[in-house]
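For reference, the structure discussed in these notes is given below.
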Amino acid sequence: MEKEVHELLRQSIDLELAIARLYSLFHDTYEEDDDFWWQLAIEERNHAALLRNEVKNHKEHGSLPENLLATDLKAVREAIEYVEHLITTFTASPCSRTEALQTAYKIENSIGEIHFQEFMERRSCSLGDELFKQLNQDDKDHAERILQYMFSQGLKP
């Protein structure tokens, strides 16, 4: 069980960092949206940093905030592969601005990201949960923020 939790943490960190890389590519490509993409990329890196801290806490104390991670390791790995594929494809042939936003919206509704959002929205059961949420308070609702940004720019989701 410990090995599975550690692997889920590691893969979840890898997913957050892959998403941050993709958003950084979008930042470099879409000048009109560079602040938006930069903020999301930073927040994804922050998610990875918080999860890295949880690795340390888990090693020292043997506990994690309850329901922090997706439980389907295969789905998390598939999400990483999907994002890595998007990075490769985008690097070779950038998509349109609208497609980039639609892709980000899809990613933010994927297994690893939606699970993170659900954790952030649920009622806290422990001090550890509450502390994690407070550290990450401003780095949530990515899917909703992407959707609202698209509307504000006159783009269709």
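The values are calculated or read from the model by the stated rules, or taken from the named source; none is laboratory data. In this text, all values refer to a predicted model and were calculated from it rather than measured experimentally. Here the Cβ positions follow ideal geometry from the backbone for every residue, glycine too, while neighbour counts run over all protein chains shown.
The table that follows gives values for the structure above.
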quantity	calculated
Candidate set from segment 6-38 (those that are buried (at least 17 other Cβ atoms within 10 Å of the Cβ) and modelled with pLDDT under 90); member that is nearest to residue 145 (Cα to Cα)	12
Cβ-Cβ under 9 Å pairs, at least 6 apart or on other chains, segment 140-157 side at positive phi and free of Cβ contacts under 8 Å to residues at least 12 places away in the same chain, far side exposed (fewer than 11 other Cβ atoms within 10 Å of the Cβ) and part of a helix (DSSP H, G or I)	none
Which numbered condition residue 113 fails, given (1) charged (D, E, K, R); (2) within 11 Å of the chain's Cα centre (by Cα); (3) at pLDDT 70 or above	(3)
Candidates 92, 79, 41 - the one that is among the hydrophobic types (A, V, I, L, M, F, W, C), surrounded by 15 or more Cβ atoms within 10 Å (Cβ to Cβ) and at pLDDT 95 or above	41
Residue match in segment 54-71 (condition: modelled with pLDDT of 95 or more, in contact with an Asp or Glu (Cβ under 9 Å, 6 or more places away or on another chain) and of a type in the set (D, E, K, R))	no
Single residue of 108, 99, 84 found to be within 23 Å of residue 4 (Cα to Cα), at pLDDT 60 or above and either buried (at least 17 other Cβ atoms within 10 Å of the Cβ) or out of contact with any Pro (no Cβ under 6 Å at 6 or more places or on another chain) (or both)	84
Hits in segment 7-31 - residues which are under 20 Å from residue 46 (Cα atoms) and over 18 Å from the mean Cα position of the chain (by Cα)	28
